[in-house]
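Down below is the structure, laid out as structure tokens.
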Amino acid sequence: LAKTTQPISMDSYEGQEVNITCSHNNIATNDYITWYQQFPSQGPRFIIQGYKTKVTNEVASLFIPADRKSSTLSLPRVSLSDTAVYYCLVGDIGSGYSTLTFGKGTMLLVSP
Amino acid sequence: DTGVSQDPRHKITKRGQNVTFRCDPISEHNRLYWYRQTLGQGPEFLTYFQNEAQLEKSRLLSDRFSAERPKGSFSTLEIQRTEQGDSAMYLCASSYGQWETQYFGPGTRLLVL
């Protein structure tokens, strides 16, 4: 499984756009990139998943450059409720990855 | 709410006691996963089931741990002779098939005194 590296923490203010970058230098051809969000005392919640270029849903956007060695989760106009830990994961969906390997994640703190 | 549910949400026990946790997955999901999460760390995979078959176990799952999913629906995770190091949040997740998103429950927080 490809190892990921993320910043330990980030700070932002309400209404700002937040970009969290994840490095995955040894990503394999069949690997997808998935982001989860976790609030204290809750299980992780799926945010977005992608393979290349750009993916957007109602919550976030995921930008993946052509070499796929990194990815950026973009949260538009964050609010206080976006304060959480964000995990970047890389896994081979093509062969049906059965387990998710979480790192320590990025603790995002949104202030008023 | 038709999400993944776990019971109990909190459990305090004394070292050496046995504990059992239950997970009810989303009804149409055939895959069920157990993870453990300690403070400041991301969740760590323990084991998973496809229907009633336990297909993979992590080396983290010592012989004091046992998981079952007898009818391919709910699952139980038992820890025998608990140790203080077992104190953690135990998370359950389910998915529909091996390529689908895993949906997590709220977790059971275990404290071993």
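The values are calculated or read from the model by the stated rules, or taken from the named source; none is laboratory data. The model shown is predicted, which means the values in this text are computed figures rather than measured ones. Note that each Cβ is placed from the backbone with ideal geometry, even for glycine, and that neighbours are counted across all protein chains shown. Ligands, DNA and RNA are stripped out before the accessible areas are found, and what is left, the full protein with its side chains, is counted by its heavy atoms. Shrake-Rupley method; radii C 1.70, N 1.55, O 1.52, S 1.80 Å.
At a 1.4 Å probe radius, which order do B:LEU91, A:LEU80 fall into by accessible area, largest first? Before the final figure, lay out the partial values.
Working: B:LEU91 0, A:LEU80 80 Å².
Highest to lowest solvent-accessible surface, that is A:LEU80, B:LEU91.
Quick one: compute the contact order of chain B, relative version, from alpha carbon pairs under 8 angstrom and 6+ residues apart, as a percent. Before the final figure, lay out each step's value.
Working: 287 pairs, mean separation 41.6, N = 113.
Contact order relative to length: 37 percent.
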Measure of exposure for B:TYR103: accessible area at 1.4 Å probe, Å² rounded to 10, is 110 Å²
Given a 1.4 angstrom probe, I'd like the percentage of the accessible area of segment B:21-60 that is carbon and sulfur, rounded to a whole number. 42 percent
So how far apart, in nm, are the two label points at B:GLU56 and A:THR21 if each is 7 Å from Cα heading toward Cβ? 3.0 nm
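Based on DSSP loop calls and a cut-off of at most 12 other Cβ atoms within 10 Å, the longest stretch of chain B free of exposed GluC sites (Glu not before Pro) is what?
Working: sites that count: B:GLU28, B:GLU83.
Within chain B, the longest run free of exposed GluC sites (Glu not before Pro) spans B:29-82.
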If Rh is defined by the Kirkwood formula over all Cα pairs and Rg also comes from Cα, what ratio Rg/Rh do you get for chain A? 0.95
Judged on accessible area alone, 1.4 Å probe, highest first, A:LYS52, B:LYS71 line up as B:LYS71, A:LYS52
So what is the accessible area of segment A:1-103 per residue, in Å², with the probe set to 1.4 Å? 49 Å²
Solvent-accessible area buried by A and B, counting both chains, probe 1.4 angstrom, square angstrom: 1500 Å²
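Largest first, how would A:VAL59, B:VAL19 line up by accessible area (1.4 Å probe)? Working shown, then result.
Working: A:VAL59 60, B:VAL19 5 Å².
Greatest to least solvent exposure: A:VAL59, B:VAL19.
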For A:LYS54, the aspartates and glutamates lying under 18 Å Cα to Cα, once residues fewer than eight places off in the same chain are dropped, come out as A:GLU17, A:ASP31, A:ASP67
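Could you report segment B:1-99's accessible area per residue, 1.4 Å probe, as an integer in Å²? Walk me through the intermediate numbers first.
Details: 5300 Å² over 99 residues.
Result: 54 Å² of accessible area for each residue.
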Which net charge results for the neighbourhood of B:LEU61, defined as the other residues with beta-carbon distances under 12 angstrom from its beta-carbon, given Lys and Arg at +1 and Asp and Glu at -1? -1
Distance-filtered residues of segment A:66-88 - backbone nitrogen under 17 Å, label point 7 angstrom along A:SER9 Cα→Cβ: A:82-87
P(r), alpha carbons of the protein assembly as shown - 5 Å bins starting at zero, rounded %: 1, 7, 14, 18, 18, 16, 12, 8, 4, 1, 0
For chain A, built as a Gaussian network whose Cα springs stay under 10 Å, the top-fluctuating residue of A:GLY50, A:GLY91, A:GLY15: A:GLY15
Residues meeting the amide H criterion for B:ARG15 (H placed from the backbone, H to H distance under 5 Å, 5 or more places apart or on another chain) are B:LEU113
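For chain A, what is the relative contact order in percent, using Cα pairs closer than 8 Å and at least 6 residues apart in sequence? It would help to have the intermediate numbers written out before the result.
Numbers: 280 pairs, mean separation 41.1, N = 112.
After rounding, I find 37 percent.
Going down the table (A:LYS104/B:LYS11; A:LYS69/A:LYS104; B:LYS11/B:LYS71; A:LYS3/B:LYS71; A:LYS52/B:LYS71; A:LYS3/B:LYS14), which pairs top 29 Å between alpha carbons? All intermediate terms of the calculation are to be shown ahead of the outcome.
Numbers: A:LYS104/B:LYS11 25 Å; A:LYS69/A:LYS104 19 Å; B:LYS11/B:LYS71 25 Å; A:LYS3/B:LYS71 35 Å; A:LYS52/B:LYS71 39 Å; A:LYS3/B:LYS14 37 Å.
Correct reply: A:LYS3/B:LYS71; A:LYS52/B:LYS71; A:LYS3/B:LYS14.
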